[in-house]
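Taking it in order: structure first as structure tokens, then the write-up.
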Amino acid sequence: MKSITDDLYESFKKNLESVNGHCIHASKEDLGKVITELFKEHGIDSISLFESPMLKEAGVIPTLQQNGITVHTDHIRLYAETDKGGLSEAQHGIAELGTIVQEQDDVDGRIVATMPEYYIGIVKGSTIVPTYDDMFDILSEMQKIPNYVGFITGPSRTADIECVGTVGVHGPIEVSIVVVDDE
């Protein structure tokens, strides 16, 4: 792997999978193929996608479309409720939690991660830090903190007053994170 140690990746993967998330490692060249396979495995043919430079460089949208997946990148609020899949790039990851961190000023980036039943988050291996404290060091050093900083750790979970747990009430039922090698 480039830009992430095997130990750090394995820690991230183990901790994400301990909360029922799924972790995949991919090169940028294979990113479109990997994402397409994940959506196809889940029977998803329509997604909301928040574009990022890496997703553009990797040719993810054309790959999805060539494989019969409808991709909505505009007017996400109109499609996110009925699209079964969501895709966006996170800015950081935290290995000790198996968490990705969204740092967004645009609401569409948040919507694609919370509205669909199945969410795929993309994170560059070089942006995964070992600990929660490391992440807060990064946030505290920012000149301007984004309007939204969200920590996503596996599928959405909640419990009622009787401690009956439910998955997917306030977000996706399933989450996969693709850790991408960067150059």
### Query
In whole percent, what relative contact order does the chain give with Cα contacts below 8 Å and a gap of six or more residues?
29 percent
## Note on the structure
For the range 1-66, shape from the Cα gyration tensor axes a ≥ b ≥ c, cut at a/c of 1.5 then a/b versus b/c, turns out oblate
### Query
How large is the accessible surface per residue of the range 1-78, computed with a 1.4 Å probe and reported in Å² as a whole number?
55 Å²
### Query
Exactly which GluC sites (Glu not before Pro) in the range 48-132 are in a DSSP loop and have at most 14 other Cβ atoms within 10 Å?
GLU81
#### Entry: Theoretical gain in end-to-end length, LYS56 to GLU29 [0.36 nm per residue, Cα-Cα removed]
8.6 nm
### Cα-based Lys proximity count in the chain, under 15 Å, for pairs eight or more positions apart or on separate chains
8
### Summary
Measuring from its Cα centre, the chain shows a charge dipole (+1 at each Lys and Arg Cβ, -1 at each Asp and Glu Cβ) which, in debye to the nearest 20, is 300 debye
### Query
Per the 1.4 Å probe, what fraction of the accessible area of the chain, in percent, lies on carbon and sulfur atoms?
48 percent
## Note on the structure
Packing-ranked peptide list from 118-130, 29-41, highest mean Cβ count within 10 angstrom first, is 118-130, 29-41
### Task
When a/c is below 1.5 the answer is rounded, else prolate if a/b is larger than b/c, else oblate, so apply that to the chain with a ≥ b ≥ c taken from the square roots of the Cα gyration tensor eigenvalues.
rounded
#### Entry: Value of [θ]222 nm, deg cm²/dmol, for the chain, DSSP H segments ≥ 4, -39500 (n - 2.57) each, nearest 500
-8000 deg cm²/dmol
### Query
Looking at the square roots a ≥ b ≥ c of the eigenvalues of the Cα gyration tensor of the range 42-112, which shape do they give, rounded for a/c under 1.5, prolate if a/b is larger than b/c, or oblate?
prolate
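The values are calculated or read from the model by the stated rules, or taken from the named source; none is laboratory data. Since the structure is predicted, the reported quantities are computational estimates derived from the model, not experimental observations. Positions of Cβ are generated from backbone atoms using ideal geometry, with glycine treated the same way; all protein chains shown enter the neighbour counts. When the accessible area is computed, the model is the full protein with side chains, heavy atoms only, and any ligands, DNA or RNA have been set aside. Shrake-Rupley method; radii C 1.70, N 1.55, O 1.52, S 1.80 Å.
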